[in-house]
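Values quoted throughout were computed directly from the atomic coordinates according to the rules given, and no laboratory measurement underlies them. Owing to the predicted nature of the structure, the values given are computational and were not obtained by experimental measurement. All Cβ positions, even for glycine, are placed from backbone atoms using ideal geometry, and neighbour counts span all protein chains on display.
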Amino acid sequence: RAKMCAEVGGETVELNGTDVEAPLGDEIARRRNLAIISHPDAGKTTLTEKLLLYGGAIQQAGSVRARRAGHKLARSDWMKMEQERGISITSTVLTFNYEDHHINILDTPGHQDFSEDTYRTLSAADNVVMLVDAAKGLEPQTRKLFEVCQMRELPTLTFINKMDRPAMNPFELCDEIEQQFDLETVPAVWPIGDGENFKGVLKRSERVVYLFEKNQKGKTATTKKVPMDDPELLSLIGQNLYDQLFEDVEILDEMGHTLDTEKLLKGDQTVVYFGSAMTNFGVQIFLDDFLDLGRAPAERSSSIGTIDPTRDEFSGFVFKLQANMDPRHRDRLAFIRIVSGRYERGMKVLHSRLGARQINLNQAQKLFADDRESVQVAFPGDIVGLNNPGLFSIGDTIYSGSEKVVFPGIPSFSPEMFAYLRNPNPSNYKNFKKGLQQLLEEGAVQLLRTKEDQGNEGPILAAVGQLQFDVVQQRLRDEYGVESKLELLGYSVARWVLGPGDPWSALESCGRLFNVFFAKDRWNRPVLLFKNAWNLAKLEEEHGDKLELKPWA
Ligand code: G4P
């Protein structure tokens, strides 16, 4: 096998066993990508770290976090803000090899104000892991993100974490998922006790109990396996938990759902795992199953029909843009999800939106936490970062071959907060404009203007949450050297007027409207802002038949 190598920090390293000459189908079959969705604090960082350990990608647990801390000074200040506030704002892609599989973890920000970023990342994922805190059950952010997964029919596995702490009843946890998400649950493992009494899990397909034994510091667990019918089990877990286990298993076997891969792949069923990421218990069972159950890079619909990953012609789409990830390089990256064909360094592709303009891909990068390596070759399911000198927008398609391909765009969340952004220092106008333009390009916030373009009012920023505004202001300051002033507008609901016919004429036909703020977006389409849902309902009641309104466009 011809192994791929790259120069990283002056050393030649092998790149994840990728075989440059392997048939496309083989490389696709061994690829799995996943995004982890969870409410903040459920243990996403911890689980990610443990997963990476299995790939030998990091030498010791804690290094993802340690790297974060260690690179504090090298990272740009807005990332410092992420550390100060204890939230994860950026999404990165982490890659590792395990059991001859090539796994890409698409990291998603946990904070709700960045749902939009997560939403875009989910458009690049083939599988989702829903991480749930065993003591808390489903939390708001998990709910919101799961709705997106359901819309996209993404296969979802569930990992119920922190079983080493007092937990909710496992039936109750499964029931919550069934009721709230209309999703059949199929527990692959079943927990025995919780908190101080957590004894391990039964792997149902093997009828074997994996025993949980914390080491002295409580940071790692050792696993001993005992068949369920081994008489020793009773003394190991005690009479109460033993009785409970057999009772639970009887109920599950008789009343529970059985695995139906078709339902799983369509996102109508979820396979459930219980464990403790912190002590690395139950993670390997989950990972091994994921290789079997998870979907390999899937086909995608496009303007020319379904595109299969094995199609020889290259295609991919931009799902995320990010400027200044590394302040030493002042770079702008576009993250591309490869859908079909093979990426090779230096290849020429066409850009759908720019009238099939040809571009040369010679600078793709793969990211591992803060490190980057240059990519020679990449396959469907992989994510590569391309230098983006203003060429790419979110949702853009690139492709090779004679037939033009366009993948469907990535819709935005409807903004719920609006504010004027002002530049208090006119001599800095150029930097202010440039910074704002780049941040808008990334989709950090949306931009609206007042209907009449009253010069001195400044642009209106529209966001899902306050934190997005904070990031824009902080980044303008740190990366472009400009101060800005924000003046919140008291509106919370936006509706784009899309018709019927010419939207401005449609609006005019309604006569005078009350309790509405008129704005327009970058493409001059009318956007109505309302103080609250009640005002919107009122307008719909009076003029609903004359206006085609959408929460985003
Ligand atoms: P997040 O990325 O989803 O926000 O969560 P993160 O992994 O940072 O975990 C949040 C907290 O929960 C951390 O504690 C982490 O150690 C703890 N945790 C994660 N998994 C488990 C688990 O299986 N069992 C238990 N008991 N705790 C778990 P922290 O005190 O905030 O941070 P640290 O001091 O441990 O680093």
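Values computed for the structure shown
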{"item": "Kirkwood Rh, angstrom, the stretch 396-553 [1 / mean 1/r, Cα pairs]", "result": "17.1 Å"}
{"item": "Summed side-chain charge close to Ser38 - residues other than Ser38 whose Cβ falls under 12 Å, Lys, Arg +1, Asp, Glu -1", "result": "+1"}
{"item": "Burial ordering of Tyr119, Tyr54, fewest other beta-carbon atoms within 10 Å first", "result": "Tyr54, Tyr119"}
{"item": "Kirkwood estimate for the stretch 489-553, i.e. one over the average of 1/r between Cα atoms, Å", "result": "11.7 Å"}
{"item": "Residue-span extension gain [Asp182 to Gln474] - 0.36 nm each, minus C-alpha spacing", "result": "101.0 nm"}
{"item": "Per residue convex hull volume, Cα atoms of the stretch 394-469, in Å³", "result": "141 Å³"}
{"item": "Burial ordering of Thr121, Thr223, Thr45, fewest other beta-carbon atoms within 10 Å first", "result": "Thr223, Thr45, Thr121"}
{"item": "Relative exposure of Ser400, Ser276, judged by other C-beta atoms within 10 Å (fewest first)", "result": "Ser400, Ser276"}
{"item": "For the stretch 444-527, fraction of C-alpha pairs farther apart than 14 Å, in %", "result": "69 percent"}
{"item": "For peptides 515-526, 197-208, sequence by mean Cβ density within 10 Å, most packed first", "result": "197-208, 515-526"}
{"item": "Radius 14 Å from Cβ of His543, net charge of other residues (Lys, Arg +1; Asp, Glu -1)", "result": "-2"}
{"item": "Equivalent-ellipsoid semi-axes of the stretch 211-326, from the Cα gyration tensor, Å, largest first", "result": "41, 23, 12"}
{"item": "Full-stretch length increase - Glu247, Trp552 - with 0.36 nm per residue and alpha-carbon distance subtracted", "result": "104.7 nm"}
{"item": "Lysine pairs within the stretch 374-485, Cα separation less than 27 Å, 8 or more sequence positions apart or different chains", "result": "7"}
{"item": "Surrounding net charge for Gly355, when Lys and Arg each add one and Asp and Glu each subtract one, Cβ distance under 14 Å", "result": "+2"}
{"item": "Computed Kirkwood radius, in angstrom, where 1/r is averaged over Cα pairs of the stretch 132-258", "result": "15.7 Å"}
{"item": "Net length gained if the chain between Asp288 and Glu153 were fully extended (0.36 nm per residue, minus Cα distance)", "result": "46.3 nm"}
